[in-house]
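Worksheet: one structure, shown below.
Here, each number is a calculation from the coordinates, and none is a lab measurement. Note that the structure is a prediction, hence the values are computed from the model and not measured. In this analysis, Cβ positions are derived from the backbone assuming ideal geometry, glycine residues included, and neighbour counts consider all displayed protein chains.
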Amino acid sequence: MLGFQYVVAKSRELSSALDRELSAVSNRSIPFRSVSTSSSVETALPNDAVAATEAPVASSVRHEGHTFLISQHKRYAKAVRTHDRLLKQGQALDAALSSTRVKLQTEAASDQYVTQNFHLVSKVRQQLAQVRTLVLKVVEEVDQVESLLMKRCEERAALQNAEVAAKQQQELECFEVSIAEESEGRRRELLETRRQQLASAFADDLRTYQTLVGHPEDAAGVPKRVLQDEEETVTLDEVDLVVSADPDQLDAFYGSGSERDEEDCLDPGCDASLVLQELAEREKDAAKRKEMDAVQEGPASQAPSMDQRTEKVM
């Protein structure tokens, strides 16, 4: 504001100085013009020659005043332009100073507001610190909850896996038990079949033996009786033992047979073909014994004592 006032005062001072110069120039030019006119009039009256000699002098003086006025006019125009430029600069400076003053006033008001409300700002800062602490605490609790949930999920998964494993183990045990029962049933069936086959073979052997050790007159009827025995089904209880066997030997025989049967049945390669093969071997042995007995029929007929003993046994 002071700068603008200085510019205005300076422009006024320049304007007043210019006005004074113009007024002084105008005051000097008027008498000069009057003197020139009077001298011209005075000279024109007595003599035309004097007027003719003084005319160039007056024209030169007038020409010099015109030049001075032109220069003064230029100086005045320049001063006016300078004055206008200074006015514009003063206005711009005033606007800049006004904006600066407004900014300073705003900053001062802001500083004053901050100074007056510093305790409120401190309180807000403390509240923000408390909120930050609370958020950090919540984050820690969320992490703990997440870890706890992960632990529970892992425990749940392990429990489910254990239950599934136990269920599978139980099913496997049941399956093994069923397989064992089935294998035991098949083994019993095979043993029963073997026992029946052995019983039938033993019955055939007994009948053959009874036929061979019978009376000589019954030797001719052996084939017929064998055919009849094959057609009839005879159990062990119905067979009459001719020769009393040793009980210990029979127990050992059946025990060895049962042990061998159990081993064969426990063997993975156990099959009914083994039983059939053994039966075929027994039939071959029985046929050989029959042939040997047929060969011995001649000496047996010549030994009456043997027949008598046989009759006594019968």
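Full extension of the chain between Glu291 and Glu21 yields a length gain of 78.8 nm, computed as 0.36 nm times the residue separation minus the alpha carbon distance. Set the Förster distance to 30 Å, then compute FRET efficiency between Gln89 and Tyr113 from the Cβ-Cβ distance, nearest 0.05. The calculated FRET efficiency here is 0.25. So between Arg195 and Gln160, what do we pick up on full extension, going 0.36 nm a residue minus the alpha carbon distance? Length gained between Arg195 and Gln160: 7.5 nm. Within the same chain, lysines fewer than 8 places from Lys78 are excluded, and of the rest, those with a Cα less than 30 Å from its Cα are Lys10, Lys88.
Karplus-based coupling profile of segment 116-133, in residue order and whole Hz: 5, 9, 5, 5, 5, 4, 5, 5, 4, 4, 4, 5, 5, 5, 5, 4, 4, 4, with θ = phi - 60° in 6.51 cos²θ - 1.76 cosθ + 1.60 and x standing for Gly or Pro.
Extension gain for the segment Val177 to Thr67, taken as residue separation times 0.36 nm less the Cα-Cα distance, is 25.2 nm to one decimal. What the phi angles of segment 164-177 give under the Karplus curve with 6.51, -1.76 and 1.60, with θ = phi - 60°, is a coupling list of 5, 5, 5, 5, 5, 5, 5, 4, 5, 5, 4, 5, 5, 4 Hz, glycine and proline written as x. For the peptides 161-170, 67-76, the ranking by mean Cβ contacts within 10 Å, running from highest to lowest, is 67-76, 161-170.
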